[in-house]
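Note sheet for the following structure.
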Amino acid sequence: MNPYTILNQTELQRVSDGITRPLLENCEAASHILILVWPQLGDFDSLEYAWWLQREAKKLPPEKLAIRAVGIGSRASGTRFCEYTGFPTQNLFVDPNAELHHQLKLYSGLNLPLPGLSQSQKAWLNLLLMCAGFGSPGTLREVFRGYTGDRQAPQLIEDDEIIQATPLPTFKGSFFQLAGGKGFQRPFELATLRLRNMVEVLSNWHTYVPLSAYLTQRGGTFLFDTKGQLLYEHRDPGILGFAANMSQPLSFLSSIETDSFTSAH
């Protein structure tokens, strides 16, 4: 089944006003529709994906691309998420029980039974195993890329940007030039951004993750034309696997400029 059928019938709580509305409402004027089904709003993947969208926002005018995102959490989770990432509250919807994820048959993550533990405890242990690479292909490789750098990825932090990532001391982005130069993702650059995200979430854990039962649930990306034809999809295989090309997570959108998409990923 084309995921558009499910998404077009979905109504969820919108973060901006707390009203339950159709997910695809007011998307008709755009030439393309991008639907992001995120894991927990306090998940590494959700925060990092939103960061990339804000970075490329000027290249994604609303007349070309209508963006709607759904994350696991509450309206309070969504409000905090948008305050931190800059993602528009009117474009974010929340699904507290991951019902849309299940309808779309997205990967629920490692689910070892672990008898004698509560649902929350099972989720935590399964999440830790996924962070170690079990049931989460590519996670360790992606973690290491954050430390080693990536010449196929763009520079992530501007030289004059002030970095505050506890427990690190405050420093300027130009510091990363010492790790290898400029114009590409330098060693420790991505790891620093991820550390900043981790500190934000852990400092506001119960806001971001009001229910820990869905910690392992993964997300997906779906791009459609105005007729609902699926042009691209990516189903996350594990933690830090929210894009087919993690060096350039939004590279699949480059085709919008030429309207050259001919098949789904």
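For the range 19-45, the set of residues classified as open to solvent by 10 Å² or more (accessible area, probe 1.4 Å) and more than 27 Å from PRO237 (Cβ to Cβ) consists of ILE19, THR20, ARG21, PRO22, GLU25, ASN26, GLU28, ALA29, SER31, listed by residue number.
The residue that is modelled with the lowest pLDDT, counting only those in the range 212-227 that are out of contact with any Ser or Thr (no Cβ under 8 Å at 6 or more places or on another chain) and either surrounded by fewer than 18 Cβ atoms within 10 Å (Cβ to Cβ) or among the polar types (S, T, N, Q) (or both), is LYS227. When only residues in the range 231-241 that are part of a strand (DSSP E or B) and in contact with a Phe, Trp or Tyr (Cβ under 6 Å, 6 or more places away or on another chain) count, which is most open to solvent (accessible area, probe 1.4 Å)? Residue satisfying both the conditions and the ranking: GLU233. Scanning the range 68-79 for residues that are open to solvent by 30 Å² or more (accessible area, probe 1.4 Å), within 23 Å of ARG194 (Cα to Cα) and not aliphatic (A, V, I, L, M) returns SER74, THR79.
Residue-wise test of (1) without any contact (Cβ under 8 Å) to a residue 60 or more places away in the chain; (2) open to solvent by less than 50 Å² (accessible area, probe 1.4 Å).
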residue	(1), (2)
SER136	no, yes
GLU142	no, yes
GLY146	yes, yes
GLN152	no, no
ILE157	yes, yes
PRO167	yes, no
LYS172	yes, no
GLN177	yes, no
LYS182	yes, no
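Can you pull out every residue in the range 110-125 that is open to solvent by less than 60 Å² (accessible area, probe 1.4 Å), part of a loop (DSSP other than H, G, I, E, B) and touching a residue at least 40 places away in the same chain (Cβ under 8 Å)? Answer for the range 110-125, where residues must be open to solvent by less than 60 Å² (accessible area, probe 1.4 Å), part of a loop (DSSP other than H, G, I, E, B) and touching a residue at least 40 places away in the same chain (Cβ under 8 Å): just LEU110.
For the range 43-63, the tally of residues that are in a loop (DSSP other than H, G, I, E, B) and touching a Leu at 6+ places or on another chain (Cβ under 9 Å) stands at 3. The residues of the range 46-67 that are open to solvent by 30 Å² or more (accessible area, probe 1.4 Å) and either charged (D, E, K, R) or farther than 24 Å from LEU190 by Cβ (or both), listed by number, are ARG55, GLU56, LYS58, LYS59, PRO61, PRO62, GLU63, LYS64.
The values are calculated or read from the model by the stated rules, or taken from the named source; none is laboratory data. Note that the structure is predicted; figures quoted are calculated from it, not measured. For neighbour counting, all protein chains shown are included, and Cβ atoms are generated from backbone atoms with ideal geometry for every residue, glycine included. What goes into the accessible areas is simple: the full protein's heavy atoms, side chains included, and nothing from ligands, DNA or RNA. Shrake-Rupley method; radii C 1.70, N 1.55, O 1.52, S 1.80 Å.
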